[in-house]
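Taking it in order: structure first as structure tokens, then the write-up.
The values are calculated or read from the model by the stated rules, or taken from the named source; none is laboratory data. Treat the numbers as computed from the prediction; the structure is a model and nothing was measured. Heads up, the Cβs are rebuilt from the backbone with ideal geometry, glycines too, and the neighbour counts pull from every protein chain shown.
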Amino acid sequence: MRLAGIMVLMPDDAEPIPSVKNTVRGDVHGTVLQVGTVTVDFHHHQHPGPAQAVLPLRCGLVPPRAAAFQERSVDLGAPVTVLSGLPGVGKSQLAAHHAERLWAAGEVGLLVWVTATSRESIVSSYADVAAKLLRVEDPDPERAARTLLEWLAGTHEPWLVVLDDLRTPSDLDGLWPPAGGQVVVTTLRRDAALRGHQRRLVAVEAFTEDEGVAYLRTALADQPALLDDDGLVRDLGGSPVALAQAAANMLDNHLSCAEYRARLPERLDPSAATWSLAVEQADRLARTGVVRPLLDVASALDANGIPLAVFTTRAMLDFLGVDEADARDGLGCLHRLSLVTFSEGSVSREVRVHSLVQRATRAAWSGERAGVVVTAAADALRQVWPDGVTDPLLGQVLRANAQALADAGGAHLWRPEGHFVLFLAGRSLGEAGYHADAVRYFDDLRVTAARYLGHDHLDTLLCRFNAAGWRGSAGDAAGAVEGFRDLLADVTRLFGPDHVETLRVRNNHAHWLGASGDTAGAATAFGDLVADQTRALGPDHPSTLTTRHNLAFAQAKTGDHGRAVESFEALVRDLGRVVGPDGPDVLEARYGLAAVLGDAGEVDDAAGRLRALLPDQIRVLGADHPRTLWTRWSLAQWRALTGDPAGAVAEFEELVADQSRVLGEHHPDVRATREKLEHWRRVSAPGESGRPSPG
């Protein structure tokens, strides 16, 4: 169960996130359980059994082969090969070439490409492979990752896993693919942990002079006369990325090697000089002056992939001073000069830029320019971030970009306060199921916030608020109680006992009291909070009404169903008076009343109220709204529990078809409905006897 109101408090000028009541985002056991907001099913988790693997299969986006790719004498035949070297020497290209060669030859049945920039990214990629390979969705990414590793250890099928751009070797603790297949790692690092049994560390250097000349000969094959001077390879230090940019510039500008060398500034680093000439050429191609600011923004975000939508947001177009067509044209010009890779439809990673180009770009920023660019990138990233991220890959890409921005932006993201995208990234971690990672994220963010803003700043307190909530979601309810208790003392000191934030912290503290087992304490705390909110905010304030909802739920948890029913009945009346009979909160309270009645054993009454609720939800929210679909689920369940499992099967069959259409085949609600459908099919099958169980 996830805490009601684990939310990100936003700046005053931000679009508000609707407050949530006690929210379930995990597996919940029991026939009937009432919470303020339900976003998944009430079902028992069933660990997936053995499944037939879907092979052959490719997972992950293998980078496209670079134009004029040069094969090099690098042996990748070891069980584990670690390609280590500086940025721009072609490690990823070597790994990609090896992967594509094995795939084309049919030498591997499973090809997995993982962007290994963080442990979360590795786990998320493994979980995605497990779902596609074994057709089993597991809500716990760590457990799904272990399922994949277990399958790799036991299979006789040939496989290859590429872990690209490993930043921290310890991120692979417990996640190294097992013996039996082939693993390739690309990294800047040369740690001892990357060596050892069956692991071979291979140093990848820049092109030799012969390799560099061969590369230019291939790249300039259409205009061989341009290759009039082999000194260019030496001038550029054999850097593959610098040579690629040089070749693109020469072809576009009809420059020979000698002419290009003459334009290189004498005192610039070779790569930086090449980058500077390429940007000038791209600027001339674009004719709008948009190229440099586009490259600035791309250099503040994740080198492994940036959603194209970032560059077409309102915030970005205002920063660039152009329309969407000009922004796309600018990206195309950067692509032509090998400054970025622009590939539409690349699953949220349409724009890639080499880390060497990023560093050279950032090195040219003044302090003022850095602040302007970082703010524009953060505003654009915030605008493309959905309210709820349902695509795991998109969530991973957005979080990777937020982290890259935090690394590049530093203090600029904390002026005059923490940028909202920093909090979005942490919330996204938790909502994706990485609860422990979300705790660590907000603990670290609190330290950063305190350094820039002070211990008593609202943003620092907000980090503590989120860390405490996600700590409870990670299974440490007692730790959440302690965190909110300590936070409550500080917000009371700073803002006073009647401030809205003080009351919000009290609400969360009360919730986790109940989750830790102190149901009586939670009911008392909610009751006291309702009294104080009524006095300080008024009986009709939304926060007061929300706490009354939570109080009714807490009363049911103590076993006092009669009082809980009375509380929900009064809440329905008052909400109807305040917001009207069709207000979403009224519909939610009506559902809560039905659930508490069902929990008290009044199944017929509960089902009758749900049948009356459903047409109102369809009229107000729509037939495809998640809450409408959830009510249909509950009605089907009541039908089965009251002795008609065959009728419930028919309703669940219709529901799973509608949920799949609306939510997608792999949504947790769809999976839960399928489980319930199979359960009641077994119960209603010929030869089954006895009273239906709750399932």
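Annotations
- When Ala480, Ala523, Ala474 are checked against the criterion of being surrounded by 21 or more Cβ atoms within 10 Å (Cβ to Cβ), closer than 24 Å to Gly418 by Cβ and hydrophobic (A, V, I, L, M, F, W, C), Ala480 stands alone in meeting it.
- Test: residue in region 379-386 that is over 22 Å from Leu295 (Cα atoms) and free of Cβ contacts under 8 Å to residues at least 60 places away in the same chain: yes
- Members of region 274-311 found to be charged (D, E, K, R) and either touching a Cys at 6+ places or on another chain (Cβ under 8 Å) or assigned to a helix (DSSP H, G or I) (or both), listed by number: Glu280, Asp283, Arg284, Arg292, Asp296
- Region 312-339: number of residues that are under 22 Å from Gly371 (Cα atoms) and not in a helix (DSSP H, G or I): 3
- Qualifying residue in region 437-453 (condition: within 20 Å of the chain's Cα centre (by Cα), in contact (Cβ under 8 Å) with a residue 40 or more places away in the chain and buried (at least 18 other Cβ atoms within 10 Å of the Cβ)): yes
- Being buried (at least 17 other Cβ atoms within 10 Å of the Cβ), in contact (Cβ under 8 Å) with a residue 40 or more places away in the chain, under 30 Å from Ala607 (Cβ atoms) and out of contact with any strand residue (DSSP E or B) (no Cβ under 7 Å at 6 or more places or on another chain) is not true of Asn508.
- Test: residue in region 506-515 that is within 18 Å of Arg446 (Cβ to Cβ) and either basic (Lys, Arg) or modelled with pLDDT under 95 (or both): no
- From the list Ala404, Ala408, Ala377, the one residue that fits, being within 21 Å of Leu320 (Cβ to Cβ), among the aliphatic types (A, V, I, L, M), modelled with pLDDT of 90 or more and crowded, with 23+ Cβ neighbours inside 10 Å, is Ala377.
- Residue within region 451-463 that is basic (Lys, Arg), more than 16 Å from Ser299 (Cα to Cα) and assigned to a helix (DSSP H, G or I) present: yes
- Test: Gly622 is not in a loop (DSSP other than H, G, I, E, B) and not aliphatic (A, V, I, L, M): no
- Filtering region 594-605 to residues that are among the aliphatic types (A, V, I, L, M), more than 34 Å from the chain's Cα centre (by Cα) and surrounded by 23 or more Cβ atoms within 10 Å (Cβ to Cβ) leaves Ala594, Val596, Leu597.
- Matching helices (runs of 4 or more DSSP H) fully within region 81-158 where at least 3 residues are closer than 28 Å to Ser428 by Cβ and either among the charged types (D, E, K, R) or in contact (Cβ under 8 Å) with a residue 60 or more places away in the chain (or both): 119-134, 141-154
- The selection criterion, being over 26 Å from Thr519 (Cβ atoms), surrounded by fewer than 22 Cβ atoms within 10 Å (Cβ to Cβ) and in contact with a helix residue (DSSP H, G or I) (Cβ under 8 Å, 6 or more places away or on another chain), holds for His625.
- Residue in region 583-590 that is free of Cβ contacts under 8 Å to residues at least 12 places away in the same chain, surrounded by fewer than 20 Cβ atoms within 10 Å (Cβ to Cβ) and more than 28 Å from Glu678 (Cα to Cα) present: yes
A quick yes/no check of all residues on (1) under 24 Å from Ser343 (Cβ atoms); (2) surrounded by fewer than 17 Cβ atoms within 10 Å (Cβ to Cβ); (3) of a type in the set (A, V, I, L, M):
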position	(1), (2), (3)
Leu61	yes, no, yes
Arg65	yes, yes, no
Ala68	yes, no, yes
Asp75	no, yes, no
Pro79	no, yes, no
Gly88	yes, no, no
Leu94	yes, no, yes
His98	yes, no, no
